[in-house]
């Protein structure tokens, strides 16, 4: 199973996808078989993605999600009602399932790493089907072959 749940580090070399690409991927996720029949998880995912895109990812706290997404009253106590933590775990699991099956070839990856509720967006590069050939030297000899081998 893909481990999309634990990695909270930001990849330094991977450019972030454009917000429009993230929103397209969000719609693809929400209409997928994994999310189409889960309105609570769909609302949760849509909220964290839009808040993260708006630059508010660091402000996503359990209390705020409980009130804004799950319509808990202002007196909501996250210690007494674990709805956000339980659904966050389920959301991470559904995302991992999606990217292992239907979304395995998607170019944009949306995750919600453990330790927070902010979404993370990543462009997933394609792996070349075959390696490029090594450059050849004189007489078709591979340059990577040591010169003392060339006499054999």
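The values are calculated or read from the model by the stated rules, or taken from the named source; none is laboratory data. Remember, predicted model here, so these are calculated numbers, not experimental data. Cβ atoms come from the backbone with ideal geometry, glycine included; neighbour counts cover every protein chain shown.
Below are the figures for this structure:
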read-out: Test for residue 16: is it at pLDDT 95 or above, over 15 Å from residue 95 (Cβ atoms), surrounded by fewer than 16 Cβ atoms within 10 Å (Cβ to Cβ) and in contact with a strand residue (DSSP E or B) (Cβ under 7 Å, 6 or more places away or on another chain); value: no
read-out: Breaking point among (1) farther than 18 Å from residue 33 by Cα; (2) at pLDDT below 95; (3) in a loop (DSSP other than H, G, I, E, B), for residue 139; value: (3)
read-out: Answer from 44, 121, 70 - the residue that is touching a helix residue (DSSP H, G or I) at 6+ places or on another chain (Cβ under 8 Å) and in a helix (DSSP H, G or I); value: 44
read-out: Verdict on residue 34 being assigned to a helix (DSSP H, G or I), in contact with a helix residue (DSSP H, G or I) (Cβ under 9 Å, 6 or more places away or on another chain) and over 20 Å from residue 115 (Cα atoms); value: yes
read-out: Sole exception among (1) at pLDDT 95 or above; (2) over 30 Å from residue 56 (Cβ atoms) for residue 151, by number; value: (1)
read-out: Qualifying positions in segment 47-60 - surrounded by 13 or more Cβ atoms within 10 Å (Cβ to Cβ) and either on the phi > 0 side of the Ramachandran plot or in a loop (DSSP other than H, G, I, E, B) (or both); value: 56, 60
